[in-house]
Amino acid sequence: MPVAASAIYFLNLRGDVLINRLYRDDVGGNMVDAFRTHIMHTKELGTCPIRQIGGCSFFYMRISNVYIVIVVSSNANAACAFKFIVEAVALFKSYFGGAFDEDAIRNNFVLIYELLDEIMDFGYPQNLSPEILKLYITQEGVRSPFSSKKSDKPIPNATLQVTGAVGWRREGLSYRKNEVYLDIVESVNLLMSSKGSVLRCDVTGKVLMKCFLSGMPDLKLGLNDKIGLEKESQIKARPTKSGKTIELDDVTFHQCVNLTRFNSEKTVSFVPPDGEFELMKYRITEGVNLPFRVLPTIKELGRTRMEVNVKVKSIFGAKMFALGVVIKVPVPKSTAKASFQVTSGRAKYNASIDCLVWKIKKFPGQSEPTMSAEVELISTMAEKKTWNRPPIEMEFQVPMFTASGLRVRFLKVWEKSGYNTIEWVRYITKAGSYEIRS
């Protein structure tokens, strides 16, 4: 169920109530005393953001020098409660010029009460979009002298935006050049054994968009996901063209996506917000194309020497390249110095992180550069402890490559005026947690 908040309190660090709003009569006005006595004045403050006292649940979060507390008398969605707090703080900051602290609250009592009446009704969250609320709550807050100047312009037709299906986009937008930028950004998470076998691997990705389109355009995005292609072949009554299809897991969409059409047609249809936004997020656990394979060989030669050999093979196409490649090979804390031989890039010993750091600015595809290092260790009289080798870490960025194999099949833009658009699509794969056991 939604939050169904009974009350919301704003307290300073001493526990004084700055402002509060009661939405239901199922809790007493002294509930804040229970929060102050049992949580704020004990050592348990900060250990858990949810506490139950006397049959009521307290969801609280500290922002700057202010505690925001939501009191709930029944079972409620905790994630929704904290999401409401975060969105409410963002709303207040947009009115106060970017500041939210005790002084900002004291200087804007009337405005905060008006906003609290709008963003929650009988304990249920309502619209918290600053762009929409500023259409009919036009009072300006007392802004911090260090905040930026207000650049928001009043937007007409507030009723349509609040009650319509596209409250995230205003009418009347006009651009001389209509452009759409789409980025697919993926992070590869890998744990590989020293022999090159994959122990754990997954890809987390997101589709980022930046739209500069006039009017109220309707966009349709087609990807090479398995479910979408199968649904398209059923609708068109013909088999899909050959090519790799992928299965997307844990997909989440921006609120602008038409979920009804997605459930029926498995296509991503939406009226985009103006400017930059995150269209969707996803995860891939099967069929991951690893951009690199690392083969390390580390030999301990007695008490004072080590020999390190690392070969890195790029598996992506020969016409592609990776940027900012960094390989970090851990060494013992007793390392004195290291000498290197590399076929590409530069390598050095970084004593602050106890690693041999090998950097390659531009890493071509289908290549196998190597690094050889002789490490000298400090000899001690103490008994030598077994060195537990941490995994080798890798950082990189590969443009125009996706580890999941996700591709944009089409991006269609329709607007009633029929203007022409320019679409730009870019793919980027980065290292998330890319680790190789040595």
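Share of the chain's accessible area from carbon and sulfur, percent, 1.4 Å? Carbon and sulfur together cover 50 percent of it. For the cross-link pairs Lys210/Lys359; Lys177/Lys361; Lys177/Lys220, the ones whose C-alpha atoms lie over 25 Å apart are Lys210/Lys359; Lys177/Lys361. Across the chain, the longest run free of exposed loop sites, meaning GluC sites (Glu not before Pro) lying outside DSSP classes H, G, I, E and B with no more than 11 other Cβ atoms within 10 Å, spans 45-285. The orientation-averaged projection of the convex hull spanning the C-alpha atoms of the chain amounts to 29.4 square nanometres. When Rg and Dmax are taken over the Cα atoms of the stretch 7-134, they come to 13.9, 41 Å.
Segment Lys299..Thr138, full-extension length gain: 51.0 nm, with 0.36 nm per residue of separation and the alpha-carbon distance subtracted. Take the Cβ atoms of Glu307 and Trp414, set R0 to 60 Å, and the FRET efficiency comes out at 0.45. Backbone phi angles across the stretch 12-25, fed through the Karplus curve with coefficients 6.51, -1.76 and 1.60 (θ = phi - 60°), yield HN-Hα couplings of 8, 5, 7, x, 6, 6, 7, 7, 8, 9, 8, 9, 9, 9 Hz in residue order; Gly and Pro are listed as x.
Counting only DSSP beta bridges with both residues in the chain, the antiparallel share comes to about 90 percent.
Once backbone amide H atoms are built at 1.01 Å from N, Leu128 has no partners under 5 Å, excluding neighbours fewer than 5 places away on the same chain.
The stretch 54-96 and the stretch 167-227 have Cα centres lying 31 Å from one another.
Normalised by the number of residues in the chain, what is the relative contact order in percent for Cα pairs under 8 Å and 6+ residues apart?
On the way: 899 pairs, mean separation 65.6, N = 438.
Over the chain, the number comes to 15 percent.
In this structure the stretch 7-134 gives 45 Å² per residue of accessible area when probed at 1.4 Å with all protein chains present. Calculated [222 nm] ellipticity per residue, helices only, for the chain: -4500 deg cm²/dmol; basis is -39500 (n - 2.57) per DSSP H run with n ≥ 4, divided by all residues, nearest 500.
The values are calculated or read from the model by the stated rules, or taken from the named source; none is laboratory data. Just so it is clear, the structure is predicted and the values come from calculations on it, not from any experiment. Note: ideal-geometry Cβ built from the backbone for every residue, glycine included; neighbour counts use all protein chains shown. Ligands, DNA and RNA are stripped out before the accessible areas are found, and what is left, the full protein with its side chains, is counted by its heavy atoms. Shrake-Rupley method; radii C 1.70, N 1.55, O 1.52, S 1.80 Å.
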